[in-house]
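The values are calculated or read from the model by the stated rules, or taken from the named source; none is laboratory data. The structure displayed is predicted, hence computed values, not measured ones. In this analysis, Cβ positions are derived from the backbone assuming ideal geometry, glycine residues included, and neighbour counts consider all displayed protein chains.
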Amino acid sequence: MVSVKTPLAVSCGEPAGIGPDITILSWLARKDLALPAFYLRGDPGFIARRAKRMGLDVPVQLVEPGEAVGCFSKALPVVATGAPMDDRPGEEQDETAKTVIASIDGVVQDVKQGDACALVTNPINKAALYGAGFTFPGHTEYLGHLAAEHWDEGPYRPVMMIAGPELMVVPVTIHIALKDVPAALTEDLIVETVRITANDMKQRFGFPAPRIALCGLNPHAGENGTMGREEQDIIIPAANRLKDEGIDVSGPLPADTMFHPEARKTYDCALGMYHDQVLIPAKAIGFDESVNVTLGLPFVRTSPDHGTAYALAGTGKARPDSFAASLRMAAVLANPGSI
């Protein structure tokens, strides 16, 4: 059990997806899953209706953030945020977008004000939010914007990490088209990403000297320039700069041989040059246990390592494992020594 005096704040996520389901299921299994106290920002009536649709008897209590820990053992605490929502699983509704965005804004403000020790975000569908003025490629980028808006010490550059029990990975470029990756990849971008990753692995995850392996961009890591020049021109110079700074960096390594069990023993985190290069192995190895962690921010943020899963919404068949792991990790990162 992770013991916290200040609760975790959870955003509602896309209401047509499984975010509400996994929140409800996690609260029901809070003892068996050894979960810290948390509250959800959203519509309490909607959460109660979703639980009923799933055939579950879940008491939902309207609270302020400071009341969440006290009632967590008896009811699922919900801080009313945004407009009331209809429960229509799998069916996107334009009118819910503002509530989804308000929920994200709210949990960030709660952490800033000290009402929550960390935040856990439920999955969103970015396309469903664009009509409400959401202009960011994803959660990670939006949280970087909110950090700059609410904290004075910036600028902040958020870095996405997928952390599982057997593999930790970071993509250097995130939510961009594959065809745009070579142009976006720069020596400075790699250096900055590794610096942020190494710092958070030390400060938050407790690695005294994290070992970071760089993937090559091209097949066979470019094979000495015969399959592309990015390794010679960008990745190797970045690695040399990082080594000069005292960071334990290896590579660039061929991505197709980096993720078998023996190879994984040689590093603590793998940095890929693009999103799917490292997220595919991370999710294949630990889909139900991996957690999305945002590095480089002045607060702790985690999220389940999956999407909205519309087909499972409201059925009771969604698995809460990754969400529960997100809660536990957020509590530990925000409260070192809590377990």
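Within region 140-152, the set of residues being over 19 Å from residue 282 (Cα atoms) and either part of a helix (DSSP H, G or I) or not assigned by TED's automatic domain parsing to the domain that holds residue 14 (or both) comprises 141, 142, 143, 144, 145, 146, 147, 148, 149, 150. Please verify whether region 193-200 includes one or more residues that are surrounded by 20 or more Cβ atoms within 10 Å (Cβ to Cβ) and of a type in the set (Asp, Glu). Yes, some residue in region 193-200 is surrounded by 20 or more Cβ atoms within 10 Å (Cβ to Cβ) and of a type in the set (Asp, Glu). Give me the residue from region 180-192 that is surrounded by fewer than 16 Cβ atoms within 10 Å (Cβ to Cβ) and not acidic (Asp, Glu) and, out of that set, nearest to the chain's Cα centre (by Cα). Here the answer is 184.
Among the residues of region 201-218, not a single one is among the polar types (S, T, N, Q), without any contact (Cβ under 8 Å) to a residue 12 or more places away in the chain, assigned to a loop (DSSP other than H, G, I, E, B) and out of contact with any Ser or Thr (no Cβ under 8 Å at 6 or more places or on another chain).
Each row is one residue, and each column tells you yes or no for (1) surrounded by 21 or more Cβ atoms within 10 Å (Cβ to Cβ); (2) in a loop (DSSP other than H, G, I, E, B); (3) among the aliphatic types (A, V, I, L, M).
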{"site": "220", "(1), (2), (3)": "no, no, no"}
{"site": "231", "(1), (2), (3)": "yes, no, no"}
{"site": "235", "(1), (2), (3)": "yes, no, yes"}
{"site": "240", "(1), (2), (3)": "no, no, no"}
{"site": "246", "(1), (2), (3)": "no, yes, no"}
{"site": "251", "(1), (2), (3)": "yes, no, no"}
{"site": "259", "(1), (2), (3)": "no, yes, no"}
{"site": "277", "(1), (2), (3)": "yes, no, no"}
{"site": "282", "(1), (2), (3)": "yes, no, yes"}
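So that you can scan it fast, the table gives a plain yes or no per residue for (1) within 18 Å of residue 19 (Cα to Cα); (2) hydrophobic (A, V, I, L, M, F, W, C); (3) surrounded by 15 or more Cβ atoms within 10 Å (Cβ to Cβ); (4) outside the structural domain of residue 142 (by TED's automatic domain parsing):
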{"position": "42", "(1), (2), (3), (4)": "yes, no, yes, no"}
{"position": "51", "(1), (2), (3), (4)": "yes, yes, yes, no"}
{"position": "54", "(1), (2), (3), (4)": "yes, yes, yes, no"}
{"position": "63", "(1), (2), (3), (4)": "no, yes, yes, no"}
{"position": "67", "(1), (2), (3), (4)": "no, no, yes, no"}
{"position": "102", "(1), (2), (3), (4)": "yes, yes, yes, no"}
{"position": "105", "(1), (2), (3), (4)": "yes, no, yes, no"}
{"position": "118", "(1), (2), (3), (4)": "yes, yes, yes, no"}
{"position": "123", "(1), (2), (3), (4)": "yes, no, yes, no"}
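Filtering region 1-14 to residues that are in contact with a Lys or Arg (Cβ under 9 Å, 6 or more places away or on another chain) and at pLDDT 95 or above leaves 9, 10, 11, 12. Whether any residue in region 178-196 is at pLDDT 95 or above and in a loop (DSSP other than H, G, I, E, B) is what I want to check. The answer is yes, given that some residue of region 178-196 is at pLDDT 95 or above and in a loop (DSSP other than H, G, I, E, B).
For region 45-67, indicate whether the set of residues that are in contact with a Gly (Cβ under 7 Å, 6 or more places away or on another chain), aliphatic (A, V, I, L, M) and outside any loop (DSSP other than H, G, I, E, B) is non-empty. No, region 45-67 contains no residue that is in contact with a Gly (Cβ under 7 Å, 6 or more places away or on another chain), aliphatic (A, V, I, L, M) and outside any loop (DSSP other than H, G, I, E, B). Taken over region 112-129, the criterion of being out of contact with any His (no Cβ under 9 Å at 6 or more places or on another chain) and more than 18 Å from residue 85 (Cα to Cα) is satisfied by 113, 114, 115, 116, 117, 118, 119, 120, 127.
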